[in-house]
Every structure is written in C-alpha cells, then in structure tokens.
Amino acid sequence: MNARHEDIDLIDNCLHLGNRLVATDVCKLFARKITDVLTVMDEPIDVDKRIAGIRYHHIDAEDNARQDLLTHFDNTYDIIDGCRQLGHSVLVHCRAGVSRSAAVVIAYLMRKRQLPFHDALELVRNCRPIIRPNEGFMDQLRLFERMDYRLNANDRQFRQWLWRLCANRDRLDYYYERRTVAEWMTPGLHWGQQLVCADCEFALFSQIHINSDFDEMYGSGAAPVTGLVNNQRIYIEPKEWMAELSAPDHSYGFIKCRCDAIVAEYELLTPYEDPLVANPLSSKHQCFKIRLMRGQTFRDQITDTKGGNRRGIRTSFNASKEF
C-alpha cells in the first residue's frame, strides 16, 4: 500500500480526502491551506485538539451497512461546495479515509459534475486507491443517482429504503427525523389524498405513506386512498402520532388517534430472514400492516411547492372490521 494514501489526498480543486490523524495535524493542514474540516464519524474532533483558524464540521456516522449517509448528502454538499465557492480548501475525513468520508466525497462529485455513481467512484479511487465504501453506502450512492443527486421524498424506493433501515422501535425517532428532513428538502412533495379521523378530523396519513400490498414494498406504486376496499390489508409507513409503536412489545395491537378513538389494528411483520446481520433487509419488523377499524373520512390534500397543504374534497369510506 502506498504510504501517502494513508494520510491525505487531493481529489479535486480545494477538495481533500484523508484520515483522522491529519485532521489535527497543523503542519499538514496549513501546508495544503485547508480552512475547513468535515468529520464523518460517530464523534467530532475533540475541542482541545482543534486547530485555531480552522472551522470544524461534523456528520454523526458509523462505518456499517445500516448507517444512513444518504439523507445527509444535501448537507455535506452544501458544506463542501460553500467552502470551494469561497476558494477555501476543505478536508473530508473519517477514521481511515476509506469508507464514510469517501462516500461523502463521491456523493459530492456525483451532484457537482452530474456523474453516474461508478464514474465518480473511479474518479476518487484514481486519486486515493485505498477507498472502499461499504456495501450499504454503495447502495445509497446508487439510490442517490436514481434520485438525480438530490433527496426526493416522492421517490417510493427511497421511502422504502429509509423505513427498512430504521424498522425497529429503537430507531423510530431517527426515522421520523430523517423522513421529515427529506420531505422538507423535496420541492413539490406529492402528499396525495389524506385519511383523517372521523371523530376529530386529525390527519392520520396520506397517500404517500401507503403501499398497496406486500409486493409493492419493493416496487414503485402507492395505493390511492379512495381505492381502498373492504377486507384489504394495507402497508403503510409509521407516523409520529402512533405512540403504540414505541411500546416494548409492539408486534401487534391497536392504534388510537390523538382523540383516543381506536382507528386501526396493526401488525409488524418480517417477510423473510436475511443471514447478513449488517444488511438493513434483516431488520426485525420491516413491514407495517394496518386495518382500519371504523368509518373514516378521506379528503384530498392539495400541496404547494413548499410541501404545505390545505383542505380539499371529502368523501366517506367505511373500513372492514375483519383482519
């Protein structure tokens, strides 16, 4: 292995990729006129090790296949490009400069140059041959390419990927946070029709949260709200108001609206076992199935370019009482 690749490499004008040691090496940073350091690790650089005159940025990330980097790519792009636009040099690093930070730099170049994933990968590898993003990051970079190099919460495959990645109660808060970030970053978010509680009209979920059947958990379609029929089981994304999902044992039960009305029965399923523990498809509870328990009201939700909504047309629907 070439020793120079264990330290720091210039990838593009004012853009460097390296390891943790160089992030606090005053001589090497000043020699390359680096003004900003972006740390992609589970811990930021210790304050007492930071160098005066250098700005430090941090993305909390571990190096495993279940780590989400994808929803941070817009943020890391803004950090890197903001520095370069000012003529400042930036170092992106993780522990070894091989996986996490390499994935962030690849994502940046994909968007900046509109490059396919493999072209950006080879560009970075030519400058730093030791890079090897883990398989989870590679999948996320391919999905980033599919979404035209920006977060797109309208993309069904992205929404399913995020849910599979976080599909257990210990990660629900993270799931809600990152889904909200993606939706906020998506102009013209297509919420579709909305289902509301018949008692208090609280918004339960929208068409964008629905997958019409099990097969579509891995496809691209979503069921229209008005297309739901008696005896149909539907698969949806969890919602923040579903407090029951945070219970210690939450594989089956009933869901109450905020007004305390029982609105659905739910079941969390694992469709198959994946021997690769690190693979997000092996998560416990990756499918979320509900049956509406009582008459509900549907209404159209009209969106604007900011993702806002206002009340639209309303129709009635009586749900099946058999699960």
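The values are calculated or read from the model by the stated rules, or taken from the named source; none is laboratory data. Because the structure is a prediction, the values reported are computed rather than measured. As a convention, Cβ positions derive from the backbone with ideal geometry for all residues, glycine included, and neighbour counts pool all protein chains shown.
Do the conditions hold for ALA52, that is, is it surrounded by fewer than 15 Cβ atoms within 10 Å (Cβ to Cβ) and within 27 Å of ASN126 (Cβ to Cβ)? It is false that ALA52 is surrounded by fewer than 15 Cβ atoms within 10 Å (Cβ to Cβ) and within 27 Å of ASN126 (Cβ to Cβ).
Mind checking which pairs have a first residue in the stretch 149-161 that is within 9 Å of ALA182 (Cα to Cα) and a second that is buried (at least 19 other Cβ atoms within 10 Å of the Cβ) and among the hydrophobic types (A, V, I, L, M, F, W, C), Cβ under 6 Å, 6 or more apart or different chains? Note: pairs meeting the criteria are LEU151/ALA182; ALA153/ALA182; ALA153/LEU189. I'd like the residue in the stretch 117-155 that is among the hydrophobic types (A, V, I, L, M, F, W, C) and more than 30 Å from GLN207 (Cα to Cα) and, out of all such residues, is surrounded by the fewest Cβ atoms within 10 Å (Cβ to Cβ). Checked the stretch 117-155; the qualifying residue surrounded by the fewest Cβ atoms within 10 Å (Cβ to Cβ) is ILE130. The lone criterion from (1) of a type in the set (A, V, I, L, M, F, W, C); (2) within 21 Å of the chain's Cα centre (by Cα); (3) outside any helix (DSSP H, G or I) left unmet by ALA103 is number (3).
Looking across the stretch 169-186 at every residue that is among the β-branched types (Val, Ile, Thr) and farther than 15 Å from MET147 by Cα, the one that is surrounded by the fewest Cβ atoms within 10 Å (Cβ to Cβ) is identified as THR180.
For the stretch 2-33, which positions are farther than 14 Å from SER101 by Cβ, free of Cβ contacts under 8 Å to residues at least 60 places away in the same chain, in the same structural domain as PRO133 (by the TED database) and among the hydrophobic types (A, V, I, L, M, F, W, C)? Answer for the stretch 2-33, where residues must be farther than 14 Å from SER101 by Cβ, free of Cβ contacts under 8 Å to residues at least 60 places away in the same chain, in the same structural domain as PRO133 (by the TED database) and among the hydrophobic types (A, V, I, L, M, F, W, C): VAL26, CYS27, PHE30, ALA31. For the structure I just gave you, tell me whether ALA120 is part of a helix (DSSP H, G or I) and under 17 Å from the mean Cα position of the chain (by Cα). Against the criterion (part of a helix (DSSP H, G or I) and under 17 Å from the mean Cα position of the chain (by Cα)), ALA120 does not qualify. Counting only residues that are over 22 Å from ASP78 (Cα atoms) and in contact with a helix residue (DSSP H, G or I) (Cβ under 7 Å, 6 or more places away or on another chain), the stretch 110-135 holds 4 of them.
Consider LEU189 carefully, then state whether it is assigned to a loop (DSSP other than H, G, I, E, B) and surrounded by 22 or more Cβ atoms within 10 Å (Cβ to Cβ). Spelling it out, LEU189 is indeed assigned to a loop (DSSP other than H, G, I, E, B) and surrounded by 22 or more Cβ atoms within 10 Å (Cβ to Cβ).
On the basis of being among the small types (Gly, Ala, Ser) and at pLDDT below 85, does SER206 make the cut? Spelling it out, it is not the case that SER206 is among the small types (Gly, Ala, Ser) and at pLDDT below 85.
Going by the structure shown, is VAL40 touching an Asp or Glu at 6+ places or on another chain (Cβ under 9 Å), at pLDDT 95 or above and crowded, with 17+ Cβ neighbours inside 10 Å? Here the answer is yes, as VAL40 does meet what is asked. The sole residue among VAL105, VAL47, VAL98 that is out of contact with any His (no Cβ under 8 Å at 6 or more places or on another chain) and free of Cβ contacts under 8 Å to residues at least 12 places away in the same chain is VAL47. Filtering the stretch 61-70 for residues that are touching a Phe, Trp or Tyr at 6+ places or on another chain (Cβ under 8 Å) and among the polar types (S, T, N, Q) leaves a non-empty set.
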